[in-house]
Amino acid sequence: YAWPSDGNHGGPRCGVTWDPTGSARTVVRAAYGLYYDPIITATAGITRYISGQPDTVRTLALAAPGAFAAWAAPGRRLPESTAIQLAGGSYPSVAITIDPGLRNPYAHHMFLGADHLITPRVRLSAGFVYARGINALGTIDYNPVLPDLGPGRRPADINGQAGTSASVLQYTSFGETWFRGLTLSLDGSVDNRLFFRVGYTLSKAEDTSTDFQSAFLPQNNGRGRDPLQLSGLPIGFRPDDERGPALHDERQRLVATGSYRIPWDVIVSGLVTAASGWPYNILAGTDLNGDRDG
């Protein structure tokens, strides 16, 4: 199929600032923007060089005791023939392809906030941020191992014989992202000697795809490609099942900074940060998709 293209990008942005009292002490701000990320070109190199062909990059994962042979080999390098023998006589076939209907991801960004001068030198600010991402990139195995077909069986096996087809990973723009954040800050100065800023953020970040690292596959890859929809999702694949906290989800964060000018124009400053812990990704720790690629 032809290489995907997606060039109809229009990114409008607008902003409004309003002084409701006319005193320049309180300002209300609102903004919206549509942003694109040209991810198609970023995946070109990966799909070109990790294609499962002999003249491209291939990955061979050896468990113990086979892995010890590599360490004991001269220069810590194994000849390919020896590696294949240790792997059981055949090289695993791992291909990473690109969806012919791939689209560049985009996100709607919205902001609403207000600034208020408590005193001429101290400002209080509050804001709400919302970001909604569409067409985020993710990796799906379009030929997964399906136990109900039989041991080691995949949908594309020839004549129903296990081992006659391999895992086919594909970059597909099925991912979505959600971010909501409330920000509060207080900043100002005292007598032109003490400067301070305190900021607090309460937020939540969710997504259905981690990123385009092919090691992170969905929990349920579906039942293979629909031959009538080459640019569609696998049969039975449900992206909404993958929705959960993003790896960068940080619910609360407090940052306080300050500086003080002492004699001889020397400035002493400090910073304190306190934040919620980040989530971590739960991996199976085993080769669930049976491609022998660790």
Per residue, the convex hull volume that the Cα atoms of segment 149-211 enclose (Å³): 164 Å³
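Which order do peptides 146-159, 67-80 fall in by mean Cβ count within 10 Å, highest first?
146-159, 67-80
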Carbon + sulfur, % of accessible area of the chain - ligands and nucleic acids excluded, 1.4 Å: 59 percent
Protection proxy ranking, peptides 244-254, 101-111, average beta carbon neighbours within 10 Å, highest first: 101-111, 244-254
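Quick check for you: with a 1.4 Å probe and neighbouring chains kept, what is the accessible area per residue of the chain, in Å²?
60 Å²
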Cα-derived Rg over Rh, computed across segment 1-79 with Rh taken as Kirkwood radius: 1.42
Cut-off under 5 Å, modelled amide H: who pairs with Ser165 long-range: Ile158
Mean separation of Cα contacts under 8 Å, 6 or more apart, over the residue count of segment 1-75: relative contact order %: 20 percent
Kirkwood Rh in Å, taken over the chain so that all alpha-carbon pairs contribute: 23.6 Å
Around Glu242: net Lys/Arg minus Asp/Glu count, Cβ-Cβ under 11 Å: -3
Within-14-Å neighbourhood charge of Thr183 [Cβ basis; K, R +1; D, E -1]: +4
Distance cut-off 23 Å, percentage of C-alpha pairs in segment 16-136 lying past it: 64 percent
Tail fraction, Cα-Cα pairs, segment 148-294, threshold 24 Å, whole percent: 56 percent
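What ranking, highest mean first, results for peptides 185-194, 263-272 when packing means the other Cβ atoms within 10 Å averaged over each residue? Write down the numbers at each step before the final one.
Values: 185-194: 12.9, 263-272: 8.2.
So the order, starting with the most tightly packed, is 185-194, 263-272.
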Two-site label geometry, Trp178 and Asp191: point separation in nm, points 7 Å out along Cα→Cβ: 5.1 nm
Segment 68-198: relative contact order as a whole-number percent, Cα under 8 Å and 6+ apart: 26 percent
Stokes-Einstein translational diffusion, segment 39-99 - Kirkwood Rh over all Cα pairs, 0.692 mPa s, 37 °C, in µm²/s: 250 µm²/s
Nearest 10 degrees, 0 to 90: helix 39-49 Cα axis against the chain principal axis: 30 degrees
Spin-label proximity, Trp264 to segment 184-211 - amide N less than 11 Å from point 7 Å beyond Cα toward beta carbon: none
Ranked order, Ile39, Ile235 - accessible area, probe 1.4 Å, largest first: Ile235, Ile39
Label-to-label distance, nm, for residues given as Ser165 and Thr257 (7 Å Cα→Cβ offset): 5.5 nm
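The values are calculated or read from the model by the stated rules, or taken from the named source; none is laboratory data. Fair warning: this is a prediction, and the values are worked out from it, not measured in the lab. Quick reminder, even Gly has a Cβ in these numbers, built from the backbone with ideal geometry, and neighbours come from all protein chains shown. Note: accessible area is taken over every heavy atom of the protein model, side chains too, but ligands, DNA and RNA are not part of it. Shrake-Rupley method; radii C 1.70, N 1.55, O 1.52, S 1.80 Å.
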